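Written below as structure tokens is the structure these notes are about.
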Amino acid sequence: MTANQLYTAADIRALDAAFIDSGVPAAQLMKRAGRAAFEAMMAHFGEPEELTVYCGAGNNAGDGFVVAALAAARRIPVTVILLGDESKFSPEAAAAYQYARQEGVVMMPPGPAPGSGVIVDALLGIGLSGDVRPEYQKAIEQMNASGLPVVALDIPSGLLADSGAIAGVAVKAALTVTFIGTKRGLLTGRGPALCGEIVFTDLDAPEAIYQQVNAQAQRVEFADLLAVLPEREADAHKGCFGHVMVIGGDTGRGGAAIMAAEAAARTGAGLVSLATRPEHVSAALARRPEVMTCGVISGQELEPWLERPSVLVVGPGLGDSPWSEQMLQQALATDLPLILDADALNLIAQGNLWPVGKTRSNWILTPHPGEAARLLGETTVTVGSDRFAAVSNLQQRYGGVAVLKGAGSLVAAEKAPVAVISAGNPGMASGGMGDVLTGVLGALVAQGMELPAATYLGVSLHAHAADLAAEERGQRSILATDLLDYIGVLLGD
């Protein structure tokens with residue numbers, strides 16, 4: 001079993017059932033989960049001066065009771081704040097409750113917030129549906145306001161396992177210990193901001209049970225992706241590595257297109273050209289003379305230039321003028337692979353240049369949530385409420401490969417699990433990051449990678465470069481072009 005397979009709540013329930021059917025009683029699973037969480041807490045924080053465990057009524061509470069009992073056995077002062085109704089406990093949770101009582105754990109109703117030590121969140125687990133009820137909301141807000149580190153059992157309460165959205169309010173944990181299968185909502189949407197460090201334990205589940213449940217999403221590993229990039233032969237020349245043309249940079253927006261072109265060059269494209277407004281040509285040549293830059297004033301002027309490239313990157317700084325529409329129209333008329341971003345996506349969404357419902361197999365769409373909402377005819381809130389559904393819908397509606405950018409960027413390709421890229425950091429929330437990504441993707445496609453593989457690698461490479469930049473420069477000061485040097489480091493032989 002690998003922690004990179006990502007599951008829904010329904011999947012986890014199926015895995016639990018298969019695990020129990022394999023001969024391990026549910027009560028034993030609960031004890032294993034509680035012990036794994038206790039050991040992870042001790043390894044992460046050391047022995048706390050006191051422990052406060054917030055418990056609801058479900059099996060998540062049962063895990064919390066086990067943690068409390070183990071703490072009491074170690075003579076750690078421990079209190080359970082009990083919100084759940086004891087009469088509604090499952091048999092396993094009831095047994096765990098009695099175990100904690102036997103170890104001398106004090107059970108208390110909600111009251112003042114703890115003032116020291118570590119908090120364990122065992123309120124809601126993966127079974128949450130609908131918004132958090134008021135009494136649980138108050139407890140979650142109390143945990144978050146305490147200033148104490150919180151250990152979430154399985155998933156922070158209030159975070160939805162399937163989507164990474166929150167049900168009104170959610171616990172902000174320093175450590176999340178997740179059991180049997182990694183829940184996909186931990187890694188995207190609000191998940192990365194709420195989970196802290198994630199520790200996965202399979203509770204010694206047999207591999208056979210994982211064969212019974214087909215995960216529809218998976219986390220991708222950068223090292224594995226990098227190994228797919230073709231090696232360069234000793235006698236290689238620039239013609240072996242493709243020709244990327246970036247099309248964009250309407251009046252006043254030349255920087256975006258220039259950044260995309262430079263990123264393509266830094267990521268290994270053999271040749272890079274840039275078609276932009278004539279007024280941006282001198283700036284482009286001064287910034288990066290290796291990029292062949294042409295100034296075009298119409299689609300008719302662009303057309304002859306499209307005979308040379310092997311892949312087109314369209315959208316950075318493209319704008320929404322008649323010039324913009326002509327540039328995109330000429331690109332769409334070719335059979336070349338396309339990387340579309342920003343204004344190109346917004347123009348596509350309008351339905352004038354590309355028929356509604358028509359798919360294309362050889363393009364990569366790279367929207368942020370707002371652009372995705374326009375492409376789908378939905379709201380940004382709807383997209384954010386289920387990012388997995390949104391990226392899958394994008395791919396099905398438009399074909400090719402769809403990326404949904406954001407914390408835990410998602411990639412959907414035909415007949416493949418949705419890929420989650422869990423690298424990256426808040427320092428990427430600055431202008432130009434998407435432009436650099438499009439150039440990276442264009443270069444990888446130009447070098448012969450299939451579109452899905454190029455997208456998995458490109459999005460991951462971009463995010464890991466941002467993490468390296470943050471380590472050296474700090475998150476607040478990262479600029480999009482700072483990533484270029486780190487991309488080179490990561491691609492180095």
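For S460, state whether it is touching a Phe, Trp or Tyr at 6+ places or on another chain (Cβ under 8 Å) and either farther than 18 Å from V244 by Cα or surrounded by fewer than 24 Cβ atoms within 10 Å (Cβ to Cβ) (or both). So S460 passes the test. The requirement of being under 17 Å from P337 (Cα atoms) and in contact (Cβ under 8 Å) with a residue 40 or more places away in the chain is not satisfied by G255. Among the criteria (1) modelled with pLDDT of 95 or more; (2) more than 25 Å from Q28 (Cβ to Cβ); (3) part of a loop (DSSP other than H, G, I, E, B); (4) out of contact with any Ser or Thr (no Cβ under 6 Å at 6 or more places or on another chain), the one L229 does not fulfil is (1).
Scanning the range 185-220 for residues that are in a loop (DSSP other than H, G, I, E, B), out of contact with any helix residue (DSSP H, G or I) (no Cβ under 8 Å at 6 or more places or on another chain) and surrounded by 18 or more Cβ atoms within 10 Å (Cβ to Cβ) yields L187, R190, G196, D202.
Filtering the range 284-312 to residues that are β-branched (V, I, T), in a loop (DSSP other than H, G, I, E, B) and open to solvent by less than 30 Å² (accessible area, probe 1.4 Å) leaves V291, V296.
Quick one: in the range 141-171, which of the residues that are of a type in the set (G, A, S) and within 14 Å of R184 (Cβ to Cβ) is surrounded by the fewest Cβ atoms within 10 Å (Cβ to Cβ)?
Restricting to residues being of a type in the set (G, A, S) and within 14 Å of R184 (Cβ to Cβ), the top hit is A165.
Entry remark, the range 221-254: residues being within 30 Å of I297 (Cα to Cα) and open to solvent by less than 40 Å² (accessible area, probe 1.4 Å) number 11 in total. Look through the range 434-450, keep the residues that are hydrophobic (A, V, I, L, M, F, W, C) and buried (at least 23 other Cβ atoms within 10 Å of the Cβ), and return whichever of them is nearest to G254 (Cα to Cα). Ranking the candidates gives V436 first.
Answer yes or no: is there a residue in the range 317-326 that is buried (at least 24 other Cβ atoms within 10 Å of the Cβ) and in a loop (DSSP other than H, G, I, E, B). Yes - at least one qualifying residue is present in the range 317-326.
Number of residues in the range 215-270 that are within 22 Å of A412 (Cα to Cα) and aliphatic (A, V, I, L, M) equals 9.
Only a single item in (1) modelled with pLDDT of 95 or more; (2) at positive phi is not met by G168, and it is number (1). Per the listing S430, S460, the residue uniquely among the polar types (S, T, N, Q), part of a helix (DSSP H, G or I) and out of contact with any His (no Cβ under 6 Å at 6 or more places or on another chain) is S460.
The values are calculated or read from the model by the stated rules, or taken from the named source; none is laboratory data. Quick caveat, the model's predicted, so the values are computed rather than measured. When we count neighbours, we look across all protein chains shown, and the Cβ atoms used for this are built from the backbone with ideal geometry, even at glycine. Just so you know, the surface numbers come from the protein's heavy atoms only, side chains and all, with ligands and any DNA or RNA stripped out. Shrake-Rupley method; radii C 1.70, N 1.55, O 1.52, S 1.80 Å.
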